[in-house]
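Peer 1: My structure is below; once you've seen it, I'll send some questions.
The values are calculated or read from the model by the stated rules, or taken from the named source; none is laboratory data. From a predicted model like this one, the values you see are computed outputs, not experimental measurements. Every residue, glycine among them, receives a Cβ derived from its backbone with ideal geometry; neighbour counts consider all protein chains shown. Heavy atoms of the whole protein, side chains included, go into the accessibility calculation; ligands, DNA and RNA do not. Shrake-Rupley method; radii C 1.70, N 1.55, O 1.52, S 1.80 Å.
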2 protein chains.
Amino acid sequence: MVIEGKAAAQDLIDAALQKVPCDLSVENIKYVNVFTGEIYPAVVDVVVDTVVRVRRPDERCALPSHTVFDGKGAYLIPGFIDSHVHVESTMMIPSNLSRAVVPWGTTTIMTDPHEIANVMGIDGVRFMIENSSHSALRQFILAPSCVPSAPGLETGGAIFDAPTVARLLDMERVVGVAELMDYPGVLSGSDRMRSILEEGARRGVFLQGHAPSLSGKELAAYRIAGPVSDHESSSGSEVLEKVRNGFHVDLRGGSIVSTFPDLLSGIRENRWHDMLSFCTDDRIATEIREKGTINDLVQRAVLAGLDPVEAVRIGTFNAAPEYGFTNLGAVAPGYIADFQLVRELDGGMPEAVFIGGKQVAGNGRDIAPDRTDAQHKHANTVHLTECLQEPDFRIPADGETADVAVLVPFLKAPILYNIAQERFPVRDGFVSIEGCSGICYAAVFNRYGNGARTVALTRLETAEGRFAFATTVSHDCHNIALLYNDESYALKAVHTLKESGGGLVLLHEDGMNVLPLPVAGLMSLSPIDELCDQITAIHDAIRALFGDGTNLLFASVFSLPCLPGAVITDLGIVDGATQSFIPVVNEV
Amino acid sequence: MVIEGKAAAQDLIDAALQKVPCDLSVENIKYVNVFTGEIYPAVVDVVVDTVVRVRRPDERCALPSHTVFDGKGAYLIPGFIDSHVHVESTMMIPSNLSRAVVPWGTTTIMTDPHEIANVMGIDGVRFMIENSSHSALRQFILAPSCVPSAPGLETGGAIFDAPTVARLLDMERVVGVAELMDYPGVLSGSDRMRSILEEGARRGVFLQGHAPSLSGKELAAYRIAGPVSDHESSSGSEVLEKVRNGFHVDLRGGSIVSTFPDLLSGIRENRWHDMLSFCTDDRIATEIREKGTINDLVQRAVLAGLDPVEAVRIGTFNAAPEYGFTNLGAVAPGYIADFQLVRELDGGMPEAVFIGGKQVAGNGRDIAPDRTDAQHKHANTVHLTECLQEPDFRIPADGETADVAVLVPFLKAPILYNIAQERFPVRDGFVSIEGCSGICYAAVFNRYGNGARTVALTRLETAEGRFAFATTVSHDCHNIALLYNDESYALKAVHTLKESGGGLVLLHEDGMNVLPLPVAGLMSLSPIDELCDQITAIHDAIRALFGDGTNLLFASVFSLPCLPGAVITDLGIVDGATQSFIPVVNEV
């Protein structure tokens, strides 16, 4: 696959042949060659957005370039490539994400718009394509393959089948099929997975894997089915087994799951590392602002003992052949001119970042031109049944007492729950938790207009006082997930979400914190600094209420039915292990 | 690109999961993992033609495989891939070549049917596709891009334009565009090269380069134009420069040009070798019988100091990503089951060779099943004007003397010629060489029916006596190239070629040697042993007449207009440097 540049091929050839001047020459650099591993002095010549020549400094051009950039002796390396990222998890829209990560040297991201697809379907993917077209950052898109991820167990905003995936694959910059996370369906040959894999195979596009903890015969079977990569390893031995089996492994350092750099332990001593790339998967704005993205993984890899030149190659070139690109990820004739100047090969902030031959950042400052034509058009995606009232947030029951399913956390990160049956009094036709310390409501309300909801209970230690916490960031269908001990607070929190178009709302006796995420209830329209301030404010309030160590998104995964524990969806309580429903109330 | 196996994906998955038994398990092996560089004991499980699992020896399968093969402690490595070969240069048809190279461990070849295309056009390519479909050897085909290679300077049997290349790219097993050897046309954007490159780029297929001695700005310009590989390097520094510029380099060890293993000197110390493969390009049957093909290059690379595991990877896996295959070149789940068992990692004869999960050779013996359905249908491609007579083999001139262009060799390998103007007597309207020691006729007769011919002179030391040597193997158009000192012998030699459908004919006072090459005048129908005997017989006669060191194909390149010296084509004497014609006779 060749990325088409903006210049005519013959113009590039003529410039390489020095018949016409180049637009840019980057001089006075230590050039890191990612094909050979060598470092040597060179000059990089660029025309429009493409490298036309890397020459020796003593080799003068017949015609001087229009612009000369003095590298001041820095290393010139390709731009970093994030080989798997959900933009939605950053809470920024693609055009704002661009301004946030480019100063750190990331110039290309391979994205899976799985989250917005679950909310908005094809329109969501279209938004990501359109909005990312206004970014300096090169953004490629994969067609989400598992929308919804757990059919029958929850109701999301869209259902993707093979024809839908085919429509997406016809769109601009869509280069493959995104993580095939329904691995039981892949292995059993379910209609949906089989037909999507066949569609991808027919087109010969990249098929992205997702095989957490898969090993031995299951891992082999999964590779046979088609997926060629994986980013779910959580240990060095898992990485090694996957590489041995022919998987390209994206070593992940994200905000939700982070076992990096332990992942390196399995393969650091290997002779070759060309089957490895780096990815962030899910990394929130605050972590990006503090540490960057792929540069951070390069840094941690080097600190963990990986040779810096190896780390640079893993962070740059390797993702290009992974995806089948033949002019991305290196600085060489015919390659897209995405590169950075760094003082050391240690993942530090680059002194200059170029994308498509134009400088777009320097020393941490984003200097990409304003793209005033950016479209942020989006609909409010929080659709509730009209007449929600306080009783809708309670658990109806007959008799005087009832046994209720209570979610009890048994693992901290990621939080997994067991179900305990606990007896509660029933008053006026509803379960009463009055006076029950450490118990609150956990609920999921469908936000796609079908009126479905599940209200259950959970064990949760909180500070004193009435509260409600509600979020539209709730994987994978992103219905409204709620934790509360007072139904009037809960109703108000839901109404606030409805008004803001989604986000996170924390209502407590001292007031209300809101993180508005109006795009699909997942992303803010604010640039990174403003967004981080909002995140910090609500996160502080969350910690004050739920305890110091509480993750911002602690309530975003109790509805994720692919987890092995018990979860709540809009359709009921699901036993993740058996993928079946458990009743909320067992009347006594 | 995924090679489609013969089994249904679900059957492979079910076998990997041990729900159904495998067809074959290869046990008791030292498994060489070409992804990690590790060597460890393993068992390889195969279903039909695909690897489903590589497991630890202590990991027993629930269901035993139908067949178990005891590797007796040998190394198991993937089959070798020849990354660029002209089958015609072996003088064998594809099905016979298969039986010749498979016992040496080569299981896949990437072929360019450039020679037969110049003779027979699309029908020639079709013959190669059809005939190779009956071989155990996996044969992929590239669409020849430069037919003819020197338009206007010679007349061949076909002209390929972009629509022709497009038709070829639609055919079975055609996976890219073959060597773009018209690099002046590539750099200047000639209509033919530009449109063919665009056709290839539009389809996203592999574009094979051919850039002998290209360096600096021309090399950069050539890479920009599209070609991603090169196999023409003749020194280590040339290899290094090409890899630095992002070319995948096929290190060549052929019969015509062989600077291997010097090629390694430029990159042996490099950190990575994934941009390298091995190829033979042109290797004749006799050399194949004696040494094999890619195994021979592995052997020479190891003897030259390359680590054996690196050499194995260069000879196997690396060509797969070069061409964009994702299930070829390794022994891993989902990969086509092409592998070999070798006692040492030294390029020696393998103890067993498997292609598509079936053993096809062992200890040098071809044991692939007979493919009695093989079609060898071919037309006689030697078309002469009906009434050739002895005077047609002489040089007409007026007056009493004439200055004649004489080709004088100035370089031995490859033979390059200068032109000397020498004066000769004219008798009865023809130049006379009677009594001129060390002078003979050099001629090219069109064999595609247009009647064009060029008769000139050359300096050539030979044994005593009358002779004529004629061949239809004459690059690139494969007209009839002739050397003779007697026109009656020449006439007889040409008639013999006509009758045999082409080949090599040497007529001398002691008799006649014929190497019949009836398929396109390029390939024999005989299997390798018989063919080698015929080659040896005529080669002995050639050496007796022209001197001990004479190459079998010494007369096959004096008509090759892409060489920098003077050459003869059916249209006249061509000055290769200026690509213009020189008159044969300058009348005094």
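Peer 1: For chain A, what does -39500 (n - 2.57) per DSSP helix run (n ≥ 4), summed and divided by total residues, give at 222 nm, in deg cm²/dmol to the nearest 500?
Peer 2: Value at 222 nm, helices only, nearest 500: -7000 deg cm²/dmol.
Peer 1: Quick check: with the 1.4 Å probe, what order do A:471, A:326 take by accessible area, largest first?
Peer 2: From most exposed to least exposed: A:326, A:471.
Peer 1: Using +1 on the beta carbon of Lys and Arg, -1 on that of Asp and Glu, and nothing else charged, what's the dipole of segment A:135-199 about the Cα centre, debye to 20?
Peer 2: The dipole magnitude comes to about 180 debye.
Peer 1: What percent antiparallel are the DSSP beta bridges of segment A:1-112, to the nearest 5?
Peer 2: 55 percent
Peer 1: Counting only GluC sites (Glu not before Pro) that sit in a DSSP loop (anything but H, G, I, E, B) with at most 13 other Cβ atoms within 10 Å, what is the longest stretch of chain A containing none of them?
Peer 2: Result for the longest clean stretch: A:60-171.
Peer 1: Using only the alpha carbons of segment B:343-478, what is the convex hull's orientation-averaged projected area in square nanometres?
Peer 2: Result: 15.1 nm².
Peer 1: Under Stokes-Einstein, with the Kirkwood radius over Cα pairs standing in for Rh, what whole-number D in µm²/s applies to chain A at 10 °C and 1.306 mPa s?
Peer 2: 63 µm²/s
Peer 1: If the label for residue A:543 sits 7 angstrom from Cα along the Cα-to-Cβ line, what are its distances to the same label in every other copy, in nm to one decimal, shortest first?
Peer 2: Going from nearest to farthest copy, the values are 8.6 nm.
Peer 1: Quick one: putting +1 on the C-beta of Lys and Arg, -1 on the C-beta of Asp and Glu, what dipole do you get for the protein assembly as shown around its Cα centre, in Debye to the nearest 20?
Peer 2: 340 debye
Peer 1: Right, here's the next one. At q = 0.11 Å⁻¹, what base-10 log of I(q)/I(0) does the Debye formula yield for segment B:419-572 when every alpha carbon is treated as an equal point scatterer in vacuo?
Peer 2: -0.41
Peer 1: Just the number, please: buried accessible area between A and B, total of both chains, 1.4 angstrom probe, nearest 100 square angstrom.
Peer 2: 4300 Å²
Peer 1: Tally up the carbon and sulfur contribution to the accessible surface of segment B:509-588 as a whole percent, 1.4 Å probe, everything protein left in place.
Peer 2: 53 percent
Peer 1: Would you mind computing the Rg to Rh ratio of segment B:178-313 from its alpha-carbon coordinates, Kirkwood style for Rh?
Peer 2: The Rg/Rh ratio comes out at 1.00.
Peer 1: Quick one: work out the % antiparallel among DSSP beta bridges in the protein assembly as shown, nearest 5.
Peer 2: Once the DSSP bridges in the protein assembly as shown are tallied, antiparallel ones form about 70 percent.
Peer 1: A further question on this structure: Can you give the relative contact order of segment A:16-159 as a percent, counting alpha carbon pairs under 8 Å and 6+ residues apart?
Peer 2: Taking the mean separation of contacting Cα pairs over the length of segment A:16-159, I get 19 percent.
Peer 1: Calculate the all-directions average of the projected area of segment B:134-229's alpha-carbon convex hull, and give it in nm².
Peer 2: Directional mean of the projected Cα hull area for segment B:134-229 stands at 7.1 nm².
Peer 1: Return one number: the angle in degrees, 0 to 90 and rounded to the nearest 10, between the long axis of the Cα atoms of helix B:487-500 and the longest principal axis of the Cα atoms of chain B.
Peer 2: The two axes meet at around 30 degrees.
Peer 1: While we're looking at this one, here's another question. Just add up the charged neighbours of residue A:41: K/R +1, D/E -1, any other residue whose Cβ is under 12 Å from the Cβ of residue A:41.
Peer 2: Local net charge: -1.
Peer 1: Excluding residue B:349 itself, what net charge comes from residues whose Cβ is under 13 Å from its Cβ, given Lys and Arg +1 and Asp and Glu -1?
Peer 2: Result for the local shell: -2.
Peer 1: Over segment B:200-308, give the accessible area per residue in Å² for a 1.4 Å probe, as an integer.
Peer 2: Value returned for segment B:200-308: 30 Å² of accessible area per residue.
Peer 1: OK, next. How shielded is A:31-39 by partner chains, expressed as the average number of their Cβ atoms within 10 Å of its Cβ atoms?
Peer 2: Average neighbour count from other chains, rounded to a whole number: 5.
Peer 1: Further, regarding this structure: Taking all protein chains as present, what is the carbon and sulfur share of the accessible area of segment B:353-439, in % to the nearest whole number, probe 1.4 Å?
Peer 2: The nonpolar share, carbon plus sulfur, comes to 49 percent.
Peer 1: What does the charge dipole of segment B:64-168 about its Cα centre add up to, to the nearest 20 debye, if the Cβ of each Lys and Arg holds +1 and the Cβ of each Asp and Glu holds -1?
Peer 2: In debye, rounded to 20, segment B:64-168 gives about 360.
Peer 1: Please tell me the relative contact order of chain B in percent, rounded to the nearest whole number, where contacts are Cα pairs under 8 Å and at least six residues apart.
Peer 2: Answer for chain B is 14 percent.
Peer 1: Hey, another quick one. Please give, to one decimal in nm, the separation of the simple spin-label points placed at residue B:203 and residue B:133, each 7 Å out from Cα toward the Cβ.
Peer 2: The modelled label-to-label distance comes out at 1.7 nm.
Peer 1: So, one more: In whole Å, what is the distance between the alpha-carbon centres of segment B:180-251 and segment A:30-100?
Peer 2: 22 Å
Peer 1: Could I ask something else about it? Largest first, please: the extent of the C-alpha atoms of segment A:27-157 along each principal axis, to the nearest Å.
Peer 2: Answer, in whole Å and largest first: 67, 29, 21 Å.
Peer 1: Just from the alpha-carbon atoms, what are the Rg and Dmax of the protein assembly as shown in angstroms?
Peer 2: 35.1, 133
Peer 1: So, one more: What number, in percent, do you get for the relative contact order of segment A:467-558 if the mean sequence gap of Cα pairs under 8 Å and at least 6 apart is divided by its residue count?
Peer 2: Reported relative contact order: 27 percent.
Peer 1: Right, another one. Classify segment A:301-361: rounded, prolate or oblate, from the alpha-carbon gyration tensor (a ≥ b ≥ c, eigenvalue square roots; a/c under 1.5 rounded; otherwise prolate if a/b is larger than b/c)?
Peer 2: oblate
Peer 1: Treat segment A:235-321 as a sphere of radius equal to its Kirkwood radius over Cα pairs and apply Stokes-Einstein at 4 °C in a medium of 1.567 mPa s; give the translational diffusion coefficient in µm²/s, rounded to a whole number.
Peer 2: 101 µm²/s
Peer 1: While we're looking at this one, here's another question. Just to confirm the numbers: residue A:189, label point 7 angstrom along the Cα-Cβ line, distances to the other copies in nm, shortest first?
Peer 2: For residue A:189, the inter-copy label distances come out at 5.2 nm.
Peer 1: Let me ask another. Need the per-residue list for segment A:214-230: every residue with at least 30 Å² less accessible surface in the complex of protein chains than in the chain by itself, probe 1.4 Å, sorted by number.
Peer 2: Residues passing the criterion (a loss of at least 30 Å², heavy atoms only) are A:217, A:220, A:221, A:223, A:224.
Peer 1: Using a 1.4 Å probe, how large is the accessible area of residue A:20, given in Å² and rounded to the nearest 10?
Peer 2: Around 60 Å² of this residue is reachable by solvent.
Peer 1: Taking a label point 7 Å from Cα toward Cβ, how far is residue A:163 from its twins in the other copies, in nm, shortest first?
Peer 2: 3.6
Peer 1: Next question, about the same structure. What is the local net charge at residue B:108, summed over the other residues whose Cβ is closer than 14 Å to its Cβ (Lys, Arg +1; Asp, Glu -1)?
Peer 2: With Lys, Arg at +1 and Asp, Glu at -1, the neighbours total -3.
Peer 1: For segment B:332-341, in order, what is each residue's ³J(HN,Hα) by Karplus, 6.51 cos²θ - 1.76 cosθ + 1.60 with θ = phi - 60°, in whole Hz (x at glycine and Pro)?
Peer 2: Once θ is set to phi - 60°, the couplings for segment B:332-341 become 7, x, x, 7, 4, 7, 10, 7, 9, 10 Hz.
Peer 1: Find, among the chymotrypsin sites (Phe, Trp or Tyr not before Pro) in segment B:55-130, those assigned to loop by DSSP (not H, G, I, E, B) with at most 15 other beta-carbon atoms within 10 angstrom.
Peer 2: Filter output for segment B:55-130: empty list.
Peer 1: Give, ordered by residue number, each residue of segment B:262-279 whose 1.4 Å probe accessible area is reduced by a minimum of 10 Å² on adding the remaining protein chains to the chain alone.
Peer 2: Listed by number, the residues meeting the 10 Å² cut-off are B:270, B:271, B:272, B:274, B:275.
Peer 1: Take the alpha-carbon centre of segment B:497-562, take the same for segment B:279-314, and report the distance between them in whole Å.
Peer 2: Between the Cα centre of segment B:497-562 and that of segment B:279-314, the gap is 26 Å.
Peer 1: Here is a further query. Once R0 is set to 60 Å, what does the formula 1/(1 + (r/R0)^6) return for the Cβ-Cβ distance between residue B:379 and residue A:237, expressed as a FRET efficiency to the nearest 0.05?
Peer 2: 0.45
Peer 1: So, one more: Calculated FRET efficiency, residue B:582 and residue A:56, Cβ-Cβ r, R0 56 Å, to nearest 0.05?
Peer 2: It comes to 0.90.
Peer 1: What Kirkwood hydrodynamic radius do you get for segment B:520-588 when you take the inverse of the mean 1/r over all pairs of distinct Cα atoms, in Å?
Peer 2: The answer is 14.7 Å.
Peer 1: Which entries of B:377/B:498; B:19/B:358; B:6/B:377; A:72/B:242; A:377/A:498 have Cα-Cα distances beyond 25 Å here?
Peer 2: B:6/B:377; A:72/B:242
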